[in-house]
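In what follows, a single structure is set out as structure tokens and then discussed.
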Amino acid sequence: MNVLEGKVEQIKSQLVEKFSTIKGRLSSMEGRLSYIENRFENLKDMMKKMIEMQSKASPMIPRAEPRRKEILEEMMRNLMEMRSKTPLTVPIANPNQDLTGIPLVESK
């Protein structure tokens, strides 16, 4: 029975270690996703400003051809489409779960 309890403790500690590793990886992935989302927002804002600047261009300054505006708008659509395809993080398990509280088999 002591051997069995020892094995259970060993497996439990291995699981705690693996969940800790997974938790670290999830945190890293969430950080990268946040960085990517910020980049998308910055690109989106920059493209909006470019489109706005083009539409407000002074008559003294030659305006870009309509084709260039279409290209900017197409880039904006592509950017929004790429953002919608960015996968959300789906937790495999609750990384904050305390595994030390899992009851062990009681010895008889």
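General observations
- Matching option when the condition is modelled with pLDDT under 75, assigned to a helix (DSSP H, G or I) and under 26 Å from L26 (Cα atoms), among T100, T89: T100
- Sole exception among (1) in a loop (DSSP other than H, G, I, E, B); (2) of a type in the set (G, A, S); (3) at pLDDT 75 or above for S27, by number: (1)
- Residue check, M1 touching a Ser or Thr at 6+ places or on another chain (Cβ under 7 Å) and modelled with pLDDT under 85: yes
The values are calculated or read from the model by the stated rules, or taken from the named source; none is laboratory data. Keep in mind it's a predicted model, so treat the numbers as computed, not measured. All Cβ positions, even for glycine, are placed from backbone atoms using ideal geometry, and neighbour counts span all protein chains on display.
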